[in-house]
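Remarks on the structure that follows.
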Amino acid sequence: MATLGLIGSGNIGSTLARLGVAAGLNVVLSNSRGPKTLSDLVAELGPRARAATPEVAAAAGDWVVVSIPLKNYRAVPVAPLTGKIVLDTNNYYPERDGRIPELDAEETTTSALLQRHLPESRVVKVFNNIYFRHLAALARPAGAPDRSALPIAGDDPAAKASAAELLDRLGYDAVDAGELAGSWRFQRDAPAYVVPYAKNPQGLGVSVDDQGRPADVATLRAALAAAVRPTG
């Protein structure tokens, strides 16, 4: 039985845990506060779920999701993730994360920072561009006419193929957005960020009660193609 490990069990992490259990995966959840703080969520998810430390979740996962504030990325355990596919959901919020000069200067991407921290892992950028309520609501079976798509980026083709397989199991198509260096195309405030899935977009964002709308492969490809990188 395949296992989804989660380092960080906030809005995105817990949503992915629910989708994973619904798809028949085992899930191992973790956070910075300890397994006992996840007891209610584990009880909700049922026998396929358990809580552990980040190190145990990292070691257990066939895919391991990192969904923590970007400012804490250096706390992600390195050794247990050797050889693993690491799914990075991070976005850069300077007001939360502090200023990161490399990102401010557009010299790198958030996922490239994580890949540098995890040199023996295979990082794939995914799940960062969709509001967690929409992530929960828009999952559909393969072949459904209203199935949505999510972009992925990574430097390892096999890792991206495996990430796409996971997306399919969770209820989404995948759009390959290239290498990690190109993951800025679906970072915060880019055309592919949040708005394609919003029924009533609020500028570059979405209201907390937005019901969402499907965004298919063609919609995501157009949004990715419309991205323009800031020049300073």
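The values are calculated or read from the model by the stated rules, or taken from the named source; none is laboratory data. This is a predicted model, so every value here is computed, not measured. Glycine gets a Cβ as well: all are built from the backbone with ideal geometry, and neighbour counts include every protein chain shown. Please note that ligands, DNA and RNA were not included when accessible areas were found on the heavy atoms of the full protein model with its side chains. Shrake-Rupley method; radii C 1.70, N 1.55, O 1.52, S 1.80 Å.
Tabulated results
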quantity: Partner lysines for Lys36 [C-alpha distance under 30 Å; skip if fewer than 8 residues away on the same chain]; calculated: Lys71, Lys84, Lys125
quantity: Student exercise, region 119-202 dipole from Lys, Arg, Asp, Glu Cβ charges, in Debye to nearest 20; calculated: 380
quantity: Positive-end residue, region 74-147 charge dipole about Cα centroid, Cβ charges, pick of Val76, Thr108, Pro141; calculated: Pro141
quantity: Cα-centred dipole magnitude for region 1-80, charges only on beta-carbon of K, R (+1) and D, E (-1), debye, nearest 20; calculated: 160
quantity: Gaussian network model of the chain, springs between alpha carbon atoms under 10 Å - residue of Pro35, Pro54, Pro101 with greatest fluctuation; calculated: Pro101
quantity: Glu165-Asn200 pseudo-label distance in nm [points 7 Å out on the Cα-to-Cβ vector]; calculated: 4.2
quantity: Label point distance in nm, Lys36-Arg188, each placed 7 Å from Cα along Cα→Cβ; calculated: 3.4
quantity: Enclosed volume per residue, in Å³, of the convex hull spanned by Cα atoms of region 122-169; calculated: 76
quantity: Percent accessible area from carbon and sulfur atoms, region 125-232, protein chains only, probe 1.4 Å; calculated: 52
quantity: Most positive-pole-ward Cα, Thr15, Val208, Gly46, against dipole of the chain from beta carbon charges; calculated: Gly46
quantity: Heavy-atom surface of region 182-232, accessible at 1.4 Å and reported per residue (Å²); calculated: 55
quantity: Region 13-131, relative contact order [Cα under 8 Å, separation at least 6], %; calculated: 21
quantity: Of the DSSP H helices in the chain, those whose Cα atoms cover at least 15 Å axially and whose Kyte score averages -0.5 or more; calculated: 11-22, 157-170
quantity: Correct choice for volume of the Cα convex hull per residue in Å³ that was computed from the model, options [x] 145; [y] 120; [z] 134; calculated: [y]
quantity: Distance from region 1-77 to region 112-181 (C-alpha centre basis), Å; calculated: 17
quantity: Per-residue SASA entry for Thr3, accessible area with 1.4 Å probe, Å² rounded to 10; calculated: 20
quantity: Pairwise label distance in nanometres, Glu95 with Asp62, each label 7 Å out on the Cα-Cβ vector; calculated: 4.0
quantity: Selection from Asn90, Gly182, Val27 lying farthest towards where the dipole of the chain points positive, charges on Cβ; calculated: Val27
quantity: Karplus-derived HN-Hα couplings along region 85-100 (A = 6.51, B = -1.76, C = 1.60, θ = phi - 60°), whole Hz, x at Gly and Pro; calculated: 8, 10, 9, 9, 9, 5, 10, 9, 10, x, 5, 9, 8, x, 6, 10
quantity: Relative contact order for the chain, counting Cα pairs under 8 Å that sit 6 or more residues apart, in percent; calculated: 16
quantity: Cα centre as origin, Lys/Arg/Asp/Glu Cβ charges: region 142-191 dipole, Debye; calculated: 140
